[in-house]
Amino acid sequence: MSSKQRFIKSVVATAKADAPAMPWARGARRAAFIAKRSGVEMDKKAA
């Protein structure tokens, strides 16, 4: 197996194993930043 085939095989396996992080699922820190930028008050438990 050539190194290129091995690389492609590992990339495909990684892509199947891990779901990429979606922008809306980045957690409380991002939500707090967006709320601060838009001027919305956030609950302290959510941040």
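Which residues, counting only those in region 1-39, are assigned to a loop (DSSP other than H, G, I, E, B), modelled with pLDDT under 85 and loosely packed, with under 10 Cβ neighbours inside 10 Å? Listed by number, the residues that qualify are 1, 18, 19, 20, 21, 22, 27, 39. Contact annotation: residue pairs with Cβ atoms under 9 Å, 6 or more positions apart or on different chains, pairing a residue in region 34-47 that is within 21 Å of residue 23 (Cα to Cα) with a partner that is assigned to a loop (DSSP other than H, G, I, E, B) and modelled with pLDDT under 80, are 34/40; 35/41; 35/42; 35/46; 35/47; 36/42.
The values are calculated or read from the model by the stated rules, or taken from the named source; none is laboratory data. What you see is a predicted model; the values in this text were computed from it and never measured. Counting neighbours? That spans all protein chains shown, and the Cβs are built from the backbone with ideal geometry, glycine included.
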